[in-house]
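Readers should treat all values here as calculations from the given coordinates under stated rules, not as data from a laboratory. Remember, it's a predicted structure, so these values are computed and weren't measured experimentally. Please note: Cβ atoms are built from the backbone with ideal geometry, for glycine as well, and neighbour counts cover all protein chains shown.
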């Protein structure tokens, strides 16, 4: 299936993990080429306004400071989507129940692989810039 369709299925798993309280972290990895943007991390953060995440853009260059932003899950999705296939070929979902890997191959097809959970508990992110 085309990566966009598979990513929709993957994102449903992300939302399910949030509803179940098992969402630990989301990581975009496997850069295309050698861009300055190294990774994108999404972690749950303490909030009085319902479920929110801390989205962090990590850069290779020490001259470029990392960027952090507190968002809703849907806002984070809007930030992540433009990077798929353009900058990143893999998205890792870490939950306390299982890990899921979403991959895009060279033909633009997507796949999801399930692995044993890396995280045994959810740790809330803290902003570095504060």
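May I ask you to say which residue of 55, 77 is surrounded by 14 or more Cβ atoms within 10 Å (Cβ to Cβ) and either at positive phi or without any contact (Cβ under 8 Å) to a residue 40 or more places away in the chain (or both)?
It is 55.
Any residue in the stretch 80-99 that's free of Cβ contacts under 8 Å to residues at least 40 places away in the same chain and at positive phi: show its pairings with residues that are buried (at least 19 other Cβ atoms within 10 Å of the Cβ) and part of a loop (DSSP other than H, G, I, E, B) at Cβ separation under 8 Å, as long as the two are six or more apart or on different chains.
Here the result reads none, with nothing in the stretch 80-99 linked to a residue that is buried (at least 19 other Cβ atoms within 10 Å of the Cβ) and part of a loop (DSSP other than H, G, I, E, B).
Being exposed (fewer than 13 other Cβ atoms within 10 Å of the Cβ), under 24 Å from residue 120 (Cβ atoms) and either touching a residue at least 24 places away in the same chain (Cβ under 8 Å) or more than 14 Å from the chain's Cα centre (by Cα) (or both) is the filter here, so list the residues in the stretch 1-47 that pass it.
19, 20, 21, 46
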